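For reference, the structure is listed below as structure tokens.
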Amino acid sequence: MPTLLVRNASLLATFDDDDREITDGGLFIRDGFIEQVGSTSDLPETADEVLDLSGHVILPGLINTHHHFYQTLTRAVPAAQNANLFNWLVTLYPIWARMEPQDIYVSTITALAELALSGCTTASDHLYIFPNDSRLDDQIQAGLEVGLRLHASRGSMSLGESQGGLPPDSVVEDEDFILADSQRLIEQYHDPNPGSMTQVVLSPCSPFSITGDLMKSSAVLAREYGVQLHTHLAETEDEEQFCLDMFGLRPVPYMESVNWIGSDVWFAHSVHVDDEEYALYARTGCAVAHCPSSNMRLASGIPPILKMLNIGVKVGLGVDGSASNDGSHMLGEVRQAMLLSRLGAGLEGASLSTEDASPLMTARQALRVATRGSAAVLGRDDIGSLEKGKCGDFFAVNLQQLNFAGGLHDPLAALVFCAPVPADYTVVGGKFIVKNGHLQTIDLKPHIETHNERARRLLN
């Protein structure tokens, strides 16, 4: 069984239950799982591969809980640059309707490459549009090639404009086909075992693009197979009004009415949710994927992340789609989460004095959301921290660079407070995905050319 020994890190942050931060730390990984973590002097002296990380900080791999990989093809589209969510969607739906299977495959590689280069080791994607014979299989194939752990969501839209929904009828699917394809994908690809590289999630897109019948049927199917459920919820005030007009309920009570409340459910955004509804999340185990950059980009609002955490809601981090961010930099998203939370606290009148900083999200809290928090959101206990028995997933950043000059008073916090940088190393199950700052699994130059060709075709 292959072994990897990592030694001499300036700081290793475990994010275990004791939040240990180990100076001169390291890891010993065997067959993809951590066998030892601690001071370098306490680790074995040899392995199949030895990596000296002097001058680096090591953290658990970051975990992305919400994305739309295909949107890397439509970044910064002029007509969608200055729109709120509903107008943004109406602008982009016709463009996305032109996608082909190769577009799904190519865009997945692009998004996962970006994520890997920013310290991400596990990503959940929400693919809900399947034009021109595109399939989730196209994404899963690309994910295996890049080498990150993938939670591939079989998304769907069935409520077209003619039925009162938002998406054009040309991009919705038959509900019987959606359910049959969902079952096929679970049976073919879902691996629930520790160290799993591929899991399948059932993810009807949103209240304004799916019928209540499909929401209920998807929940039944997911629970029959023991897979998770995911959808967008309460992202904007427009959505809240849509739900009131269409169903006579606010978004969260509507989810209750279709059996979408429970520990196997996580919602993207949850910006416009009241205190009673957040308490329901905490009681039932419903989780939230927080997407700060997208919420700012589309002017959706500021969710009270610290309030959620303080009452026991599971919260993870997501970069969201690359047409509403417009990037996939997980460490950068950690920073945005911290800063947006602080802005929200300031707008609510929280004290900003150094004597009373409790209302302000800390750098460590933001990193925990992106590691332990995100792992909990995805229902996984084999990732999210660096401790014995967990997957050998980590990333490392070299502190000896301009961005951190003068910031070594607290190296871990500097990763968040200072300008985001690429990862120098990203390792998944003991295998190098990024090494010395370079992606190991994909030749990026020809891939970028191919990606840009596919993007130009969609807009022409």
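At-a-glance table
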item	result
Verdict on Leu112 being in contact (Cβ under 8 Å) with a residue 12 or more places away in the chain, assigned to a strand (DSSP E or B) and not polar (S, T, N, Q)	no
Residues of region 11-70 satisfying the condition of being touching a helix residue (DSSP H, G or I) at 6+ places or on another chain (Cβ under 8 Å), of a type in the set (Gly, Ala, Ser) and farther than 30 Å from Asp326 by Cβ	Gly25, Gly26
Residue that is in contact with a Lys or Arg (Cβ under 7 Å, 6 or more places away or on another chain) and more than 30 Å from Ile95 (Cβ to Cβ), where the choices are Ala287, Ala363	Ala287
Matching entry among Arg149, Arg184, Arg154 (being modelled with pLDDT of 95 or more, assigned by TED's automatic domain parsing to the domain that holds His269, of a type in the set (Lys, Arg) and more than 30 Å from Leu439 (Cβ to Cβ))	Arg184
Residue count, region 156-170 (criterion: of a type in the set (S, T, N, Q) and surrounded by 21 or more Cβ atoms within 10 Å (Cβ to Cβ))	2
Candidate set from region 128-154 (those that are among the polar types (S, T, N, Q) and in a loop (DSSP other than H, G, I, E, B)); member that is surrounded by the fewest Cβ atoms within 10 Å (Cβ to Cβ)	Asn132
Of all residues making up region 246-265, the number that are within 15 Å of Ser209 (Cβ to Cβ), part of a helix (DSSP H, G or I) and out of contact with any Pro (no Cβ under 7 Å at 6 or more places or on another chain)	3
Test: residue in region 251-258 that is assigned by TED's automatic domain parsing to the domain that holds Gln199, farther than 24 Å from Ile129 by Cβ and within 22 Å of the chain's Cα centre (by Cα)	yes
Residues of region 168-223 satisfying the condition of being touching a Cys at 6+ places or on another chain (Cβ under 6 Å) and over 21 Å from Asn259 (Cβ atoms)	Gly195
Residue in region 33-51 that is assigned to a loop (DSSP other than H, G, I, E, B) and closer than 20 Å to Pro194 by Cα present	no
Tally, over region 181-198, of residues that are assigned to a loop (DSSP other than H, G, I, E, B) and without any contact (Cβ under 8 Å) to a residue 40 or more places away in the chain	4
Residue ranges of strands (runs of 3 or more DSSP E) in region 364-460 with at least 3 members surrounded by 18 or more Cβ atoms within 10 Å (Cβ to Cβ) and not β-branched (Val, Ile, Thr)	394-398
Residue pairs meeting the criteria (Cβ under 7 Å; at least 6 apart or on separate chains; first at pLDDT 95 or above, in region 227-248; second acidic (Asp, Glu) and surrounded by fewer than 24 Cβ atoms within 10 Å (Cβ to Cβ))	Gln228/Asp264; Leu229/Asp264; Ala234/Glu240
Qualifying residue in region 9-31 (condition: assigned by TED's automatic domain parsing to the domain that holds Val428, under 25 Å from the mean Cα position of the chain (by Cα), outside any strand (DSSP E or B) and of a type in the set (Gly, Ala, Ser))	no
Cβ-Cβ under 6 Å pairs, at least 6 apart or on other chains, region 271-293 side closer than 25 Å to Glu333 by Cα, far side basic (Lys, Arg) and part of a strand (DSSP E or B)	Ala287/Lys314
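Let's see how each residue does on (1) touching a Lys or Arg at 6+ places or on another chain (Cβ under 9 Å); (2) more than 27 Å from Met330 (Cβ to Cβ):
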| position | (1), (2) |
| --- | --- |
| Leu150 | no, no |
| Asp169 | no, yes |
| Asp176 | no, yes |
| Tyr189 | no, no |
| Pro194 | yes, no |
| Val200 | yes, no |
| Ser203 | yes, no |
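The values are calculated or read from the model by the stated rules, or taken from the named source; none is laboratory data. From a predicted model like this one, the values you see are computed outputs, not experimental measurements. For neighbour counting, all protein chains shown are included, and Cβ atoms are generated from backbone atoms with ideal geometry for every residue, glycine included.
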